[in-house]
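A short worksheet on the structure shown next.
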Amino acid sequence: MSEKYLNYYIETLTATLTDCVVRNVSLQANAKVTEDVVNEQSKTVEELTKKLDQKNDSDNEKVNSLNNRVNSLHEENARLKKEISDLATIRSEYENVKNQVNHVDTFRNELVKSRKETEDVRSEMNKIITELNTKIEYLQLPSAKKKKIDMLNKPEESSIEAFAADESSKDGGSF
């Protein structure tokens with residue numbers, strides 16, 4: 001039995017060792033394959049993480065750029081609203097000035113009209129004053145000079161009366 005036992009023992013030992021070696025080799029091969037797959041997946045994850053970080057950075061830059069643009073547009077909008085308000089104020093002031101100019105033009109026209117009327121009244125007054133001064137001078141003259149002046153001024157009237165008298169005597173008189 002001992003030889004048979006020994007043969008079975010060696011055979012079982014060989015089978016067990018072979019089985020262990022095969023399993024060990026198989027497990028080591030699986031471990032290497034798994035390690036390679038894990039390394040590849042780790043590299044892929046790292047690459048994807050880098051791409052994601054780059055994408056996030058790019059997106060953050062775009063968001064910041066858009067936020068800056070929005071802020072710029074808000075500032076521009078506020079500036080334009082202020083400018084519109086200023087323009088409305090200027091327009092209101094312009095309308096007020098325009099109305100004042102119309103009033104000033106009306107006043108100026110009335111003033112020109114009033115000056116013309118004043119000049120007309122002054123010229124009439126000057127004529128009246130001149131006539132009155134002439135009459136005053138005439139009235140202050142002595143009677144002899146008055147008669148002389150009356151004679152010089154009346155010949156025109158007397159010649160008309162004489163002509164009328166001549167005409168009336170020709171037809172037989174006047175009735």
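Just so you know, all these numbers are worked out from the coordinates, no wet-lab data involved. Keep in mind that this is a model prediction, so the values were computed, not measured. Every residue, glycine among them, receives a Cβ derived from its backbone with ideal geometry; neighbour counts consider all protein chains shown.
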Quiz item: Do we have any residue at all in the range 97-113 that's surrounded by fewer than 10 Cβ atoms within 10 Å (Cβ to Cβ), assigned to a helix (DSSP H, G or I) and aliphatic (A, V, I, L, M)?
Solution: no
Exercise. May I ask you to say which residue of SER143, SER92 is surrounded by 10 or more Cβ atoms within 10 Å (Cβ to Cβ) and without any contact (Cβ under 8 Å) to a residue 40 or more places away in the chain?
Key: SER92
